[in-house]
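Novice: Structure provided below as structure tokens; questions to follow.
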Amino acid sequence: TVRDGTRVFDLVTQTGRTRIVDAGVADTWGVNGALLGPTLRARRGERVAVNLRNDLPETTTLHWHGMHLPAVADGGPHQAVEPGRTWSPSWTIAQPAATLWYHPHPHGQTERHVYRGLGGLFILDDDEESALALPRDYGIDDIPVIVQDKTFDDAGQLVETDRVDNGMLGDTILVNGTAAPVFQAAATHTRLRLLNASTARSYAFGVSDGRSLELIATDGGLLPAPVTIERILLTPGERAEVILQLEAGESVTLRSYPQEMGLSDSRARSTGAADELDILLVRAVADLRTSPALPRVLANAPDLHTHRVAATRSFELRSDRINGESMDMARIDDVITVDTTEIWEVRNAHGQPHNFHVHDTQFQVVSIGGESPPPELSGWKDTIYLPPDVDIRIALRFTDYTDPAVPYMYHCHLLWHEDKGMMGQFVVV
Ligand code: C2O
Ligand code: CU
Ligand code: CU
């Protein structure tokens, strides 16, 4: 609803019961429902306000992953909402069209709360994206694909399995909370808004018959131009928008393939990187609508590398810590000057898979192992995979909002690692 020019989202985190697998009904958590939550949508320049009531028996939060906003509105561990309480942040959308998402972020409990089912997409629109000939008929040719892996027992209940290496790996793949999902495509181009909302598992998405996909957007919005790819790797928290092209009557499976993640063979097996998994069956109807040709130019490329660099920082991820420190709610790790450009050198210093996510901003990948990033990493990102022992340089700029008291977070988005302390806090002043 829109009240006085502000788009208002009334949200309730709640318990529920959902039959996800045939075996029975699971106790789940959701936002305004039993499992997952509504797709929120707002336009650049719009003022948004959220009223989040927590009807769960536990303290939780909702964090707007990828959103540029004041620290008090971020929904991280410092914005805890106790059972029965309501939290009401508001901010103005000031970033390009993108597929963002929201999920809980309570201190030390994020993995469990996401696994129980809390989360959803937050789609941003803007005039530039709206002017392009892209599929944008939500639910028809523009589809959310929230990918999660979970484990169920014989009664259909959700099971928390043992955590090894990167956390829990489920044996059942869900798309938008549905097992064995099927989508009926109505147009020759379908835009899939892929979100890896798993707690630990990474996916390398591709199509069963080997056809390529057109990658049009990553975490922070449209790429400069479509990139033709056979596989797109998404580690937990990352998003990608791809165009799947079909002809009438065809059916293909979106699948996750064994991934080249720079891991040892045994680590690849224990972390799921060696798995091949069916994600989504797509069947094209017989009278398929013909979509317009894809635009050849989509957006401006990030340009932070042309800015003067005000500071360089290094972050080393190892053994549940960043730079040797475990997350401490009372410690500020970094103080950043607003409206300056920084280079962060991030390194995964041991053999486990980790990624790196930064709140409040979208960054530009400057180099990976000293090389320029591949085209699929040439757009705005907020989360990036860190292969073991590879130096990754990103350029970032924190604008508009300062708050010396309330921090933002950076962390590994493998949620068990985050909960164990692989997270740090920064303020922008
Ligand atoms: Cu998606 Cu700090 O999180
Ligand atoms: Cu985030
Ligand atoms: Cu990690």
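Novice: Quote to one decimal, in nm, the extra length available between residue 349 and residue 253 on full extension: 0.36 nm per residue of separation minus the C-alpha distance between them. Don't skip to the answer; put the middle values down first.
Specialist: Numbers: separation 96, 0.36 × 96 = 34.56 nm, distance 3.59 nm.
Additional length available on full extension: 31.0 nm.
Novice: Using Cβ contacts closer than 10 Å as the measure, can you line up 230, 247 from fewest to most? Could you put the intermediate results ahead of the total?
Specialist: Working: 230 13, 247 8.
In increasing order of surrounding Cβ atoms, one gets 247, 230.
Novice: From the P(r) of the chain, could you give the percentage of C-alpha pairs in the tail past 37 Å?
Specialist: On the way: 16027 of 91806 pairs.
Beyond 37 Å sits 17 percent of the P(r) for the chain.
Novice: Roughly how many debye, to the nearest 20, is the charge dipole of the chain about its Cα centre, given +1 on each Lys and Arg Cβ, -1 on each Asp and Glu Cβ, and no other charges?
Specialist: Details: 37 positive and 59 negative charges, 99 e Å.
In total the dipole reaches around 480 debye.
Novice: Residue 391 versus residue 172, label points 7 Å from Cα toward the beta carbon: distance in nm?
Specialist: 4.7
Novice: Picking from 29, 110, 227, whose Cα lies most toward the positive end of the charge dipole for the chain (charges on Cβ: Lys, Arg +1; Asp, Glu -1)?
Specialist: Sorting the options by dipole projection puts first 29.
Novice: Taking every alpha carbon pair in segment 142-289, what does the distance histogram look like in 10 angstrom bins from 0, in percent?
Specialist: Bins of 10 Å from zero give 11, 40, 34, 13, 2 percent of pairs.
Novice: How do 137, 142 line up, fewest other C-beta atoms within 10 Å first?
Specialist: Values: 137 14, 142 18.
So the ranking, lowest neighbour count to highest, is 137, 142.
Novice: Taking +1 at the Cβ of each Lys and Arg and -1 at the Cβ of each Asp and Glu, which of 254, 91, 132 sits farthest along the dipole of the chain towards its positive end, judged by Cα position relative to the Cα centre?
Specialist: 91
Novice: Test of understanding: what is the full-extension gain from residue 94 to residue 58, defined as 0.36 nm times their sequence separation minus their Cα-Cα distance? Could you put the intermediate results ahead of the total?
Specialist: Working: separation 36, 0.36 × 36 = 12.96 nm, distance 3.22 nm.
Between residue 94 and residue 58, full extension yields an extra 9.7 nm.
Novice: Cα-based Rg (one decimal) and Dmax (whole number) for segment 116-191, in Å?
Specialist: 16.7, 50
Novice: Hand me the GluC sites (Glu not before Pro) from segment 92-164 located in a DSSP loop with no more than 15 other Cβ atoms within 10 Å, in residue order please. Write out the running numbers ahead of the final one.
Specialist: Details: sites: 111, 128, 129, 160; in loops: 160.
Qualifying residues, ordered by number: 160.
Novice: How are the Cα pair distances of segment 313-429 distributed, in percent, across 5 Å bins from 0?
Specialist: In order of increasing distance, the bins hold 2, 12, 23, 25, 21, 13, 4, 1 percent.
Novice: Using the Cα centre as the reference, give the magnitude of the dipole from point charges on the C-beta atoms of segment 2-125 (Lys, Arg: +1; Asp, Glu: -1; all else neutral), rounded to the nearest 20 debye.
Specialist: Numbers: 12 positive and 11 negative charges, 52 e Å.
Taking the Cα centre of segment 2-125 as origin, the dipole is about 240 debye.
Novice: Mind giving me the nanometre distance, one decimal, between the label points for residue 49 and residue 138, set 7 Å out from Cα along Cα→Cβ?
Specialist: 2.1
Novice: Here's something else I'd like to know. So what's the net charge close to residue 289: Lys and Arg +1, Asp and Glu -1, counting the other residues with Cβ under 10 Å from its Cβ? Present the calculation step by step, with values, prior to reporting the outcome.
Specialist: Values: positive: none; negative: 137, 141, 287.
Combined, the nearby Lys, Arg, Asp and Glu give -3.
Novice: Calculate the length of the line joining the C-alpha centroid of segment 296-323 to that of segment 11-43, in whole Å.
Specialist: Cα centres, segment 296-323 to segment 11-43: 35 Å.
Novice: Put +1 on the Cβ of every Lys and Arg and -1 on every Asp and Glu Cβ in segment 304-428; which of 336, 388, 401 then has its Cα farthest towards the positive end of the dipole?
Specialist: Projecting each Cα onto the dipole axis, the largest value belongs to 388.
Novice: If you don't mind, another one. Mind checking the dipole of segment 142-289: about its Cα centre, +1 per Lys or Arg Cβ, -1 per Asp or Glu Cβ, Debye to the nearest 20?
Specialist: Working: 13 positive and 22 negative charges, 64 e Å.
That gives segment 142-289 a dipole magnitude of about 300 debye.
Novice: How big is the Cα convex hull of segment 227-270 in projection, averaged over all directions, in nm²?
Specialist: Details: hull surface 18.3 nm².
Result: a mean projected hull area of 4.6 nm².
Novice: Further question on the same structure: Give me the number: length gained by fully extending residue 330 to residue 260, i.e. 0.36 nm times residue separation minus the C-alpha to C-alpha distance, one decimal in nm.
Specialist: This chain segment gains 21.4 nm when fully extended.
Novice: Treat each spin label as a single point 7 Å out from the Cα along the C-beta direction, and report the residue 306 to residue 184 distance in nm.
Specialist: For residue 306 paired with residue 184, the spin-label model returns 4.9 nm.
Novice: Then there's this: Over all Cα pairs of segment 2-125, how is the pair count split among 5 Å bins, expressed in % and running from 0 up to the last occupied bin?
Specialist: 2, 12, 21, 25, 18, 12, 6, 3, 1, 0
Novice: For the pair residue 22 and residue 270, what calculated FRET efficiency results from E = 1/(1 + (r/R0)^6), where r is the Cβ-Cβ distance and R0 = 25 Å, to the nearest 0.05? Please list the in-between numbers first.
Specialist: Details: r = 29 Å, r/R0 = 1.16.
Here the calculated transfer efficiency is 0.30.
Only the coordinates and a few stated rules stand behind these numbers; no lab work does. The structure displayed is predicted, hence computed values, not measured ones. With ideal geometry, Cβ positions are generated from the backbone for all residues, glycine too; neighbour counts draw on all protein chains shown.
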